[in-house]
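What follows is a single structure, written as structure tokens, with notes after it.
The values are calculated or read from the model by the stated rules, or taken from the named source; none is laboratory data. Because the structure is a prediction, the values reported are computed rather than measured. Cβ coordinates were reconstructed from backbone atoms using ideal geometry, including for glycine residues, and neighbour counts include every protein chain displayed. Heavy atoms of the whole protein, side chains included, go into the accessibility calculation; ligands, DNA and RNA do not. Shrake-Rupley method; radii C 1.70, N 1.55, O 1.52, S 1.80 Å.
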Amino acid sequence: MQVSSLNEVKIYSLSAGRSLPEWLSDRKKRALQKKDVDIRRRIELIQDFEMPTVSTKIKVSRDGQYIMAVGTYKPRVRCFDTYQLSQKFERCLDSEVVTFEILSDDYSKIVFLQCGRFVEFHSQHGHYYKTRIPKFGRDFSYHYPSCDLYFVGASSEVYRLNLEQGRFLNSLQTEASESNVCDINPVHFLFAMGTAEGKVECWDPRTRNRVGLLDCALSSVTADTEIEGLPSISALKFDGALNMAVGTSTGQVLLYDLRSSNPLIVKDHHYGLPIKSIQFQHQLDLIISADSRIIKMWNKDTGKIFTSMEPEHDINDVCLYPNSGMLMTANEAPKMNIYYIPVLGPAPKWCSFLDNLTEELEENPESTVYDDYKFVTRKDLENLGLAHLIGSSLLRAYMHGFFMDIRLYHKAKMMANPFAYEEYRREKIRQKIEETRAQRVQLKKLPKVNKELALKLIEEEGEEQQFSKKRKQKNLPSLLKDDRFKVMFENPDFQVDEQSEEFRLLNPLVSKMSEKRKRKLKILEELETQGQEEEEEPEGKASDAESSESSDDEKGWVEEVRKQRKLLRQEEKLKRQERLKEDQQTLLKPQFFEIKEGEEFRSFKDSAKKQKLMKKTLEDRLKLEEKLGTLNVSDTTVGSKQATFKLKKSEQQRKQQEAEKRHRQERKTLRRSASHLKSRRGRGRLFH
């Protein structure tokens with residue numbers, strides 16, 4: 001079983017490995033399995049899951065029990081029973097099959113569209129009936145409510161064959177010269193067909209009238225795409241009632257909402273090959289689109305690539321087993337590929353053991369390599385003198401390099417470097433010498449970053465190791481060897497600044513703690529060497545000694561912290577004095593400023609004030625703002641400080657506010673005078 005991974009998505013190829021020929025006897029097969037490890041380890045999920053030369057189409061029945069595939073040569077159909085993991089039956093046909101459809105839940109009703117314009121019906125026992133359509137067919141769909149078969153092909157007409165009446169009905173006349181694919185919506189049974197002109201026509205089977213037309217050829221052309229000719233429709237698939245995916249012959253996939261004529265998203269395969277198949281995966285909202293070279297899985301909302309697969313042979317068809325993570329392909333080769341992707345879903349019921357296999361492989365991961373191929377970069381090819389092979393069939397492009405045959409690689413290496421054996425011999429001798437040197441006493445190399453801290457840790461580890469050996473205890477893991485703290489001794493951003501305020505205040509306490517630890521280790525070693533059995537008296541003495549020592553230590557480190565604080569304050573004062581001297585020594589040079597249009601020149605006072613404020617320290621500026629009332633500093637319960645600022649009002653705002661105040665006062669005076677006049681008039685009327 002071959003395992004590949006892309007975007008952290010594991011893909012298990014269940015059909016990888018060597019296959020044994022059919023004409024071999026069982027005895028020879030068993031003998032080969034004993035000799036060859038690859039044949040013994042291969043997984044044959046379904047017995048003889050292949051075609052004589054080429055497989056063209058593959059489908060799964062609705063009940064999930066039967067897998068049917070068609071291929072050549074001779075033209076035939078094979079049915080595989082998943083419950084028995086073997087072939088159910090095989091039937092040969094008169095001509096090659098273009099496509100087929102399983103009408104029933106099992107294999108009892110099948111319709112084949114063949115190359116020679118024949119439509120062949122098969123029942124459970126075998127061949128049932130054969131008829132012919134007027135033009136060569138390319139695809140067909142079955143309309144379940146009316147029991148009609150819709151055939152599209154090298155004609156502008158869509159032929160309808162009613163299976164209930166057993167006769168052809170009036171065909172649908174379209175504007176297209178030829179049609180390539182068709183599909184019927186499973187919800188509202190809308191019939192859609194893709195034309196050679198790059199358009200999709202939608203028809204209502206009830207009224208037999210066209211209800212919509214999409215120009216996909218125009219929508220598929222974007223700024224990034226390079227198109228030589230007119231793209232035609234090569235694949236078509238409905239998803240639910242409203243969504244439809246369309247594949248073009250130039251390698252684009254367009255996702256449509258039926259309510260809009262513009263595509264929701266356009267995805268390009270970048271190979272320029274026609275899209276062969278489109279499938280929908282509803283659990284992860286993925287679209288699985290395939291051309292003859294690659295299978296791509298991408299998110300239908302964002303268009304982001306989920307994963308992709310590149311089989312060894314060209315792809316003809318892709319089939320997704322329902323409600324599972326199994327994917328099957330029909331190829332231009334005898335063997336049909338089976339892939340299992342656990343992220344997409346669980347394994348089918350008939351092969352549930354695959355989940356246990358994949359879980360075991362994930363628990364015990366092994367490096368996946370190609371035994372018969374060697375990965376080389378462009379630089380390696382230039383060194384070997386094989387750069388001229390780029391683009392040929394001998395090199396297979398992959399990521400940032402190429403895969404080439406391991407035999408060709410060894411031959412080229414021998415010719416390019418005939419003294420390779422001598423170099424190999426020297427390397428082996430050097431390794432042997434280094435192994436002998438490792439037994440000698442080695443000097444411990446200190447890292448480039450935090451050398452003092454590393455030296456301190458090494459010394460402490462050495463003391464603890466000696467003590468643990470005497471007491472027969474397990475050694476604790478080293479910080480220098482721990483990957484979690486590896487960056488602290490490699491990245492210069494983690495360098496401890498010994499001149500910083502925090503380090504100088506904490507260093508006395510840390511140094512005292514380390515001294516205390518060393519004293520304890522010495523006391524314990526002395527007790528062990530003496531071998532005293534009575535533990536009460538030494539414990540009491542040690543506790544008294546420790547209490548006296550701890551009090552002395554506390555006094556000592558408190559005094560050292562106070563000294564460090566005094567030194568920090570003195571350094572800050574010196575820095576301020578130096579800044580003041582520099583400010584006094586600096587000479588101000590005249591500067592010219594240009595006034596913007598619409599502004600008036602007032603004075604240099606504002607700019608001078610701003611310059612003085614900018615020169616002052618942050619502490620002085622905060623004090624000034626506290627005096628002005630624009631800043632309020634208060635202590636919080638946690639121990640930190642909280643600062644609240646009030647924005648200053650500009651002169652324009654002040655003028656505006658003054659004008660508003662005047663306007664309000666004028667309005668008040670007017671109202672008072674008007675009310676006074678009214679009252680006087682009212683009194684005059686009463687007197688009259």
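Things worth noting here:
- Whole-Å semi-axes of the ellipsoid equivalent to the range 373-429 (Cα gyration tensor, √5λ, descending): 24, 11, 10
- Approximate spin-label separation E164-R426, in nm, with each point projected 7 Å along Cα-to-Cβ: 8.8 nm
- The range 36-142: projected area of the alpha-carbon convex hull, averaged over directions, in nm²: 7.6 nm²
- Length added when fully stretched, N383-E228, from 0.36 nm per residue minus Cα-Cα: 52.0 nm
- Note on V9 and A643: their simple-model spin labels are 5.2 nm apart, each label 7 Å out from Cα toward Cβ.
- Amide H contacts under 5 Å for K237: A245, restricted to partners 5 or more places along the chain or on a different chain, H placed in the peptide plane at 1.01 Å from N.
- Taking the average, over residues, of other Cβ atoms within 10 Å as the packing measure, peptides 209-219, 656-666, 148-158, 623-633 rank 148-158, 209-219, 623-633, 656-666 from highest down.
- Principal axes of the range 268-345: Cα extent on each, largest first, Å: 33, 27, 15
- The range 333-356 and the range 227-241 have Cα centres separated by 29 Å.
- Integer Hz, Karplus 6.51/-1.76/1.60 couplings in order for the range 189-194, x for Gly and Pro: 6, 6, 9, 10, 9, x
- Based on Cα atoms of the range 163-247, Rg over Rh with Rh as the Kirkwood radius reads 1.02.
- Cut-off under 5 Å, modelled amide H: who pairs with T99 long-range: L113
- Heavy-atom accessible surface of the range 133-310, averaged per residue, reaches 44 Å², computed with a 1.4 Å probe.
- Loop sites in the range 218-319: chymotrypsin sites (Phe, Trp or Tyr not before Pro), DSSP, at most 14 other Cβ within 10 Å: Y271
- Cα radius of gyration and Dmax for the range 133-310 (Å): 16.1, 51
- Among the listed pairs K300/K374; K109/K135; K10/K432; K88/K304; K28/K276; K563/K610, those beyond 32 Å (Cα-Cα): K300/K374; K10/K432; K88/K304; K28/K276; K563/K610
- Accessible area per residue in Å² at 1.4 Å probe, computed on the range 36-114: 43 Å²
- Shown for the range 71-222: the carbon plus sulfur share of the solvent-accessible area, taken with all protein chains present and a 1.4 angstrom probe, equals 48%.
- The range 373-429, accessible surface, carbon-and-sulfur percent (1.4 angstrom probe): 57 percent
- Over the range 373-429, accessible surface divided per residue gives 79 Å², non-protein components excluded, 1.4 Å probe.
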